[in-house]
Structures are given as structure tokens and as C-alpha cells.
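Notes follow the structure.
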Amino acid sequence: MTRPVTILCASDLHCGSSIGVCPPDGPMLDDGQVVQPSKPQLWLWDCWLGVHERVRTIAKDHRADLWAILNGDLVDGPAHHGTTQTMSNHPDAQSYIAGETFRVTQNLKPKRLFVVRGTEVHTGQSGSVEESIAHMIGAERDPETHLWSRWHLRLRVHGLLLDVQHHGKGLGRLPHTKQNGANSLAWRVFQTHVERGLEPPALVVRSHLHQFADSYGANRRTRGLFLPSFQLKTAYIHRVAADEIADVGAVVVTIFPDQRMDVVPILYCPSLPVEV
């Protein structure tokens, strides 16, 4: 493998959430009613398309093979934690949204496509919904379990080891401390591997927190990344993190045959309405 590899890393789309990504033609419910996406959801959809156009361009510019990693919480699941912010609790409606959403990724024709499982409250016991989605979109099967999705992805690219899971420990709540979470992730994973005589990953990717953070060069051996999301602030987030602005987008990682790594965050900022 002598060509660079460009990897789309995306997560937390929460398909089915009333503030998650949704195609312009909303889902038809069991009684024939069609639920149309809101204006913010249409904006998220445009961002989703924009990410894919950007990753296509990056791969073309580098003459790279294109891979994709979908890192969990791909659907929102039935009403959870007492939320009312779902388009429908019907599994078929959320399956339709997910199918149309990840068709965009399939259209990139990635040479390799991986699905990592997220949070069970969203994606079913043992990630059953994400297993179905992974099967539907033709994700690469785990060579040991033969399942279409997995909790933990460890992937070697041009000799570099990548470690990908959905869940990771918290980021700082203040703008000047958020970086600490990515730095801590990089050092924690590096140290736990070294203590056990294992090769430290060159790149650690986590999600779930809906915030982008990058350790950059804080640890020269291991780099830590937290991915942004494609869901806007829920009622819960308005309560526990009222001052934060959602990080919408994805991250594109290109790894070259000489083991150079290029990390490109593709971020979109939601508009903040002002009443006059």
C-alpha cells in the first residue's frame, strides 16, 4: 500500500432526533404522516453533504485511498431519559433517516468502511441497531467476531496504530481547559499501553461529548482526538452546559506512507438568533 489513506471520522449523528441530521424528505410514519425536518435539521443536512464534498476533495488532492469510520450514536433511538425530542419512536422511521444519511457516505465509495458502536440507550442493547445499520451499509466485518460493527476498532495504517472507541472521559468545561481532555486522553492511553509492554497508538479517536478537541503535539507518541457531532443542543445540554455552542462537523485524517499524519477538522458553527 503506497498511496496515502484519507479517513473520514464522523459520529453522533443521532438520526431520529428532532435536532439531529435528517434528509430533506422526512420519514413517513406508520399511519402515512410524513414528518418534515426543521430548518436547523436542513442546515445539518447541508453540513453533512459539505463534509463529504470536502473529504472527497482532500482524498483527490492527496491521490489517497478513501476510508470511513462511523464512531457511534448513529441513531437517537426511542424516547430516552424522558425526552420528547424525537421525530418518531418507530424503528422504521429512524432506519429510513439513517439509511438516507449513510447513503451519502456509501456514495463516496470508500475502500474500507467501519462502524463502531455507541451508547446502548440510543442504539439498543449490545449496539443492536448499529449492528443492523453496519450490515445495511456494508461495513467491514470484525475478523474475530464476524460482526458488522464493534465496540473497539484498532487499525494499522502505513505502520501507524489507530485506536477508536465511542466513549472517552470528559473535556474541560471552560474554553481554556477543553484542550486538557484531549491531552489527558493521549497521555492516559500512551501510559496504559507502555505499562503493559504494548505498542502505544499513534492516534486515539473518541466521541460522545459532541465537542472537538485535539491534543496536537502534547504527546509526541500518541495524539488524542475528540470528534464533533451532527446534533444540536438538546434540552438536557441547555441545562448542564448552557454556555457552550455545539461543535458540528467531522474530522478527516490523512496518513502518508512515510507516516506523516494530517488532521483536518471540518467544523460548522450554528447561527445564534438575535431578537430585535
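The values are calculated or read from the model by the stated rules, or taken from the named source; none is laboratory data. Being a predicted model, the structure only gives us computed values, none of them experimental. Counting neighbours? That spans all protein chains shown, and the Cβs are built from the backbone with ideal geometry, glycine included. Remember, those area values only see protein heavy atoms, side chains included, never the ligands or the DNA or RNA. Shrake-Rupley method; radii C 1.70, N 1.55, O 1.52, S 1.80 Å.
Between Glu144, Glu53, Glu195, the residue with the greatest mean-square fluctuation in the GNM of the chain (Cα pairs under 10 Å linked by springs) is Glu144. At 0.36 nm per residue, minus the direct Cα-Cα distance, what do Asp61 and Ser271 gain on full extension? Give it in nm, one decimal, please. Taking Asp61 through Ser271 to full extension adds about 72.5 nm, to one decimal.
Based on every Cα atom in the stretch 1-108, Rg and the maximum pairwise Cα distance Dmax equal 15.6, 53 Å. Extending each Cα 7 Å along its Cβ direction at Arg196 and His135, get the distance between those two points in nm, one decimal. Rounded to a tenth, the inter-label distance reads 3.0 nm.
In terms of accessible area, using a 1.4 Å probe and ignoring ligands and nucleic acids, His210, His167 rank largest first as His167, His210. This model, with +1 at the C-beta of Lys and Arg and -1 at the C-beta of Asp and Glu, gives the chain a dipole about its Cα centre of some 1100 debye. Note on the stretch 111-207: Kirkwood radius taken over Cα pairs, Stokes-Einstein applied at 37 °C and 0.692 mPa s, translational D equal to 220 µm² s⁻¹. Applying 1/(1 + (r/R0)^6) with r as the Cβ-Cβ distance of Arg221 and Gln33 and R0 = 51 angstrom yields a FRET efficiency of 0.40.
Does the stretch 80-155 classify as rounded, prolate or oblate by the C-alpha gyration tensor (a ≥ b ≥ c root eigenvalues; a/c under 1.5 gives rounded; else a/b over b/c gives prolate, otherwise oblate)? Oblate is the answer for the stretch 80-155, as a/c is 1.5 or above yet b/c matches or exceeds a/b.
Most tightly packed first, judged by the mean number of other beta-carbon atoms within 10 Å of their residues, the peptides 21-28, 69-76 read 69-76, 21-28.
The mean sequence separation of alpha-carbon pairs under 8 Å and at least six residues apart, normalised by the residue count of the chain, gives a relative contact order of 21 percent. In this structure the amide hydrogen of Val157, modeled in the peptide plane, comes within under 5 Å of the amide hydrogens of Leu162, none closer than 5 places in sequence on its chain. Counting only DSSP beta bridges with both residues in the chain, the antiparallel share comes to about 55 percent. Ellipticity at 222 nm from helices only: DSSP H runs of n ≥ 4 in the chain, each -39500 (n - 2.57), divided by the residue count, give -9000 deg cm²/dmol. What the chain shows is 49 Å² of accessible area per residue, with the surface traced by a 1.4 Å probe over protein heavy atoms.
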